[in-house]
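The values are calculated or read from the model by the stated rules, or taken from the named source; none is laboratory data. Nothing here was measured: the structure is a model prediction, and the numbers come from that model. Cβ sites come from the backbone with ideal geometry, for glycine too, and all protein chains shown count toward neighbours. These accessible areas exclude ligands, DNA and RNA; they are computed on the full protein's heavy atoms, side chains included. Shrake-Rupley method; radii C 1.70, N 1.55, O 1.52, S 1.80 Å.
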Amino acid sequence: MPVKKAVITAAGKGSRMKYITSVLPKALLPLFRAEDGKIVMRPIIDLIMDSLKSVGIEKFCIVVGKHGKLLMDYLFEREVTFVFQKEPKGFGDAVLKAEDFSGSDPFFVHADDGVLTGGYKEAVSLFEEIKPDAVLLLREVKNPKRYGIVTVQDKGEYMNHKLYKVIEAEEKPENPKSNIGISAVYIFTPKIFKALKAVTVEEGKELELTYGIQELIKDGGEVYGIMLKEEKWLNVGDPISYYDALTKTFSSST
């Protein structure tokens with residue numbers, strides 16, 4: 001079944017960018033973009049949605065929190081579905097809010113605090129070709145204790161990218177087993193909802209999407225990862241990353 005739906009999570013508090021996100025949602029933070037030979041500034045939600053539309057996504061679900069009104073106003077005429085995460089209980093909890101939207105269909109999950117300069121096309125092609133339960137876009141990271149990290153088996157190459165089967169996923173591990181991090185762009189079948197519901201979360205902790213991926217693997221699900229090469233994750237989630245992202249011009253290549 002082709003991937004036609006996407007869930008964009010935009011309910012986080014944005015605490016690392018609090019002086020801006022207290023008045024403007026992260027998804028509306030602008031980045032530079034080349035359009036018609038000119039450099040313009042566009043909110044990152046536009047770059048995310050345009051990247052997903054370019055690989056066939058037709059229906060969008062935006063998960064918003066209690067400060068989501070500005071984002072809802074901005075997207076009001078775009079025929080998107082809004083669902084609400086009343087309390088910020090984690091990335092995985094936000095994805096669960098979109099279960100009714102997904103139904104029985106596969107779907108992208110995309111965080112609102114960054115956008116890839118490519119890799120979307122390869123992810124869709126791999127998912128539709130081998131039909132796994134999830135496809136992850138992977139990248140090497142300098143500090144694996146800060147990220148969702150995977151342990152993998154080498155499966156050769158796919159569309160000039162390294163291809164891996166994911167055998168374990170951990171969220172911010174104290175003793176990382178690799179430096180291969182998960183970018184916040186995924187394709188899932190609806191099996192991820194069952195996996196997330198099966199996770200036992202310690203009191204006071206959030207339900208991370210990585211926990212659901214690991215539960216999916218434990219339950220026999222097949223999870224594959226494509227290693228990004230030249231593609232970059234343009235991140236607006238913290239001041240240093242946002243400053244770095246502003247120095248790069250985004251094009252619409254996927």
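The accessible area of Met1, taken with all protein chains in place and a 1.4 Å probe, comes to roughly 130 Å². Dipole magnitude for the chain: computed about the Cα centre from +1 point charges on Lys and Arg Cβ and -1 point charges on Asp and Glu Cβ, it is near 440 debye. Restricting attention to the chain, close to 60% of DSSP beta bridges with both partner residues there are antiparallel. Taken per residue, the accessible surface of the chain reaches 50 Å², heavy atoms only and a 1.4 Å probe.
The heavy atoms of Glu58 offer some 130 square angstrom of accessible surface to a 1.4 angstrom probe.
Per DSSP helix of 4 or more residues, -39500 (n - 2.57); summed, then divided by the residues of the chain. What does that give at 222 nm, rounded to the nearest 500?
Details: 9 runs with 68 residues, N = 254.
Per the formula, -7000 deg cm²/dmol.
Annotation: lysines with alpha-carbon distance below 23 angstrom to Lys4 (same-chain offsets under eight excluded): Lys53, Lys59, Lys97, Lys121, Lys131, Lys191, Lys194.
Placing unit charges on the Cβ atoms only, positive for Lys and Arg and negative for Asp and Glu, gives segment 9-110 a dipole magnitude near 580 debye about its Cα centre. Along its first, second and third principal axes, ordered by size, segment 30-93 spans 42, 24, 24 Å in Cα coordinates. What aspartates and glutamates sit close enough to Lys5 to cross-link, taking a C-alpha to C-alpha distance under 14 Å and skipping anything fewer than 8 places away on the same chain? Partners within reach: Asp50, Glu58, Glu79, Glu99, Asp100, Asp105, Glu128. Between Phe76 and Asp244, the contour length at 0.36 nm per residue exceeds the alpha carbon distance by 57.5 nm.
I need to check one value: relative contact order of the chain, counting alpha carbon pairs closer than 8 Å and at least 6 residues apart, in percent. Walk me through the intermediate numbers first.
Working: 546 pairs, mean separation 65.3, N = 254.
Here the relative contact order equals 26 percent.
Label positions at Glu99 and Lys229, each projected 7 Å from the Cα along the C-beta direction, are separated by 4.0 nm.
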